[in-house]
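Quick notes on the structure that follows.
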Amino acid sequence: MPDTDGEELQAILNTMTDVVIMADYHGTVVQVNQAVEPMFGYQPSLLIGQNISVLMPEAHANAHQSYMARYLQAGIPRIIGVGRELAAKHKDSHLFPIHISVSKLEQYPFFIAVIRDMSELVKLEKEALLISEIERNRISRELHDELGQNLLGLTMQLQVITRQLTAADYQLQLQLQNLSNGLAHNVNNIRAIISELATVELEEQGLQSALNTFVKLCNNYNKAKVTLICEGQRPAEDYTVTINLYRIAREAIYNALKHADASQIDVSLKQQDNSIELVIQDNGKGLPSDLNVRDSRLINSGHGLRNIHFRAHVIGAELTISSAAATGTRIVCRYNQPGTKLAGANA
Ligand SMILES: Nc1ncnc2c1ncn2[C@@H]1O[C@H](COP(=O)(O)OP(=O)(O)O)[C@@H](O)[C@H]1O
Ligand SMILES: [Mg+2]
């Protein structure tokens, strides 16, 4: 755009709903469009001259300087050139989800960041997940009340017929016994599916109780010893938060049982007034090396691990996955109630 001078360009940028920030290599804001005010609460003039880290939660702000230094030295991109979903900090300190992509100007010593507010999208994702949970519960109830009862009826009819047979009907008795065994097997399968789908206990008794039941069930498999340590209590939570933490825990525990060759799986749930921390640690062989964990984000994983990430993202929780052959896999999910500081932000 050869005719476009600085003012025209600024006018164009000001029509955008995305925030566009130009910052120097120290992270000092040089230019920003007006969208920053509705999104972050800062007037553009207030932000110019400040460090871009005021827009980040403390944990990222601390790491930010080293990201930039690293990029400039080695050209290793973190968010630069990649685009990433992160939490951002509003002027009034509340955190909200954003998508940010950063690029470097070729000829000038500046970075350009384009930031999109993801709050609405995350809200929709949250609602969609909640709807799917309600639907799961409905299917579970129907399976229980319809199919479960019918199968039970059939089992009882079989028992009645078997009792009417005489000793001479030996072949028939064997066939009925096979039928009865098959039916019992399917009753068990249906029970397992019902409990997999249902979250009634979670709804009624809360996260600790539902996790306790699940851990007991896992110990029945005799594959690894699963322990649950709970600390603290908190008042009834937004159900979306509990359900997602619960599903994260289940997937992580199932994974440890299925893939880790672990003898021990330790689950811990720490609940405080403003935060919940969930940790699943196994002593198994660690994640395979072709499963790339970079900055505790998974690059090429299966559905289970991706769902864990997605669920954590939807409730705005911080997720860290670390893994080593010697120590096993550790998944930490830390949820902070909106409007509170990130726990361990300065750690
Ligand atoms: N705790 C664990 N220990 C060792 N390997 C694991 C663990 N969790 C996941 N994995 C590995 O990561 C892969 C992806 O896991 P996931 O996304 O849950 O998919 P799935 O369980 O369906 O295979 C697994 O196939 C397995 O190889
Ligand atoms: Mg899995």
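FYI, it's all coordinate maths here, none of it is from the lab. None of the values given here were measured: they were computed from a predicted structure. Quick reminder, even Gly has a Cβ in these numbers, built from the backbone with ideal geometry, and neighbours come from all protein chains shown.
About the Cα centre of the chain, what is the dipole size in debye to 20, counting +1 per Lys and Arg Cβ and -1 per Asp and Glu Cβ, all else neutral?
The dipole of the chain has a size of about 1280 debye.
Between SER195 and ASP273, what is 0.36 nm times their sequence separation minus the Cα-Cα distance? Round to one decimal in nm.
Gain on stretching SER195 to ASP273: 25.1 nm.
Normalised by the residues of the chain, what does the relative contact order come to in percent, with Cα pairs under 8 Å and at least six apart?
Averaging sequence separation for qualifying contacts and normalising by length gives 12 percent for the chain.
What pairs from LYS126/LYS216; LYS126/LYS270; LYS123/LYS258; LYS225/LYS285; LYS216/LYS285 go past 21 Å between their alpha carbons?
From the list (LYS126/LYS216; LYS126/LYS270; LYS123/LYS258; LYS225/LYS285; LYS216/LYS285), the Cα-Cα distance tops 21 Å for LYS126/LYS216; LYS126/LYS270; LYS123/LYS258; LYS216/LYS285.
In square nanometres and to one decimal, what's the mean projected area of the convex hull around the Cα atoms of the stretch 205-347?
Averaging across all directions leaves 8.4 nm² for the Cα convex hull.
Quick one: grab Rg to one decimal and Dmax as a whole number for the stretch 120-198, Cα atoms only, in Å.
19.7, 72
Report the label-to-label distance for LEU174 and ILE12 in nanometres (one decimal), using points 7 Å from each Cα along the Cα→Cβ vector.
8.5 nm
Which residue, ASN220, ASN212, ASN283, has the most motion in a Gaussian network model of the chain that connects Cα atoms within less than 10 Å?
Most flexible of the set in this elastic network: ASN220.
In nm, give the distance between the simple-model label positions of ASP24 and LEU86, each being 7 Å from the Cα along the Cα-to-Cβ direction.
Placing both labels 7 Å along Cα→Cβ, they lie 2.0 nm apart.
If I take R0 = 41 Å and measure r between the Cβ atoms of ASN188 and PHE96 in this structure, what FRET efficiency does the formula 1/(1 + (r/R0)^6) give, to the nearest 0.05?
0.35
How high is the relative contact order of the stretch 120-198, in percent, counting Cα pairs under 8 Å that sit 6 or more residues apart?
That works out to 54 percent.
With a point put 7 Å past each Cα toward its Cβ, work out how far LEU158 is from GLU106 in nm, to one decimal.
Spacing of the two 7 Å Cα→Cβ label points: 7.4 nm.
Hey, what D do you get for the chain in µm²/s if you plug the Kirkwood alpha-carbon radius into Stokes-Einstein at 10 °C and 1.306 mPa s?
Diffusion coefficient, whole number: 67 µm²/s.
What FRET efficiency, computed as 1/(1 + (r/R0)^6) with R0 = 41 Å and r the Cβ-Cβ distance, is obtained for GLU204 and GLU58, rounded to the nearest 0.05?
So the FRET efficiency works out to roughly 0.65.
Would you mind getting me the FRET efficiency between ASP145 and LYS216? Use the beta-carbon distance for r and R0 = 22 Å, nearest 0.05.
That pair, ASP145 with LYS216, gives E of 0.35.
Using a Gaussian network model of the chain whose springs link C-alpha atoms within less than 10 Å, name the residue from LEU86, LEU143, LEU202 with the highest mean-square fluctuation.
Its mean-square fluctuation being the largest, the pick is LEU143.
For the charge dipole of the stretch 210-249, defined by +1 on Lys and Arg C-beta atoms and -1 on Asp and Glu C-beta atoms about the Cα centroid, which residue among LEU228, TYR246, CYS218 has the Cα displaced farthest towards the positive pole?
Positive-most Cα among the choices belongs to CYS218.
Search the structure for amide H atoms under 5 Å from the amide H of ALA88, placed 1.01 Å from N in the peptide plane, and list their residues when 5 or more places away or on another chain.
PHE96, ILE98
What net charge do the residues around THR327 carry, taking every other residue with its C-beta under 14 Å from that of THR327, with Lys and Arg at +1 and Asp and Glu at -1?
Result for the local shell: -1.
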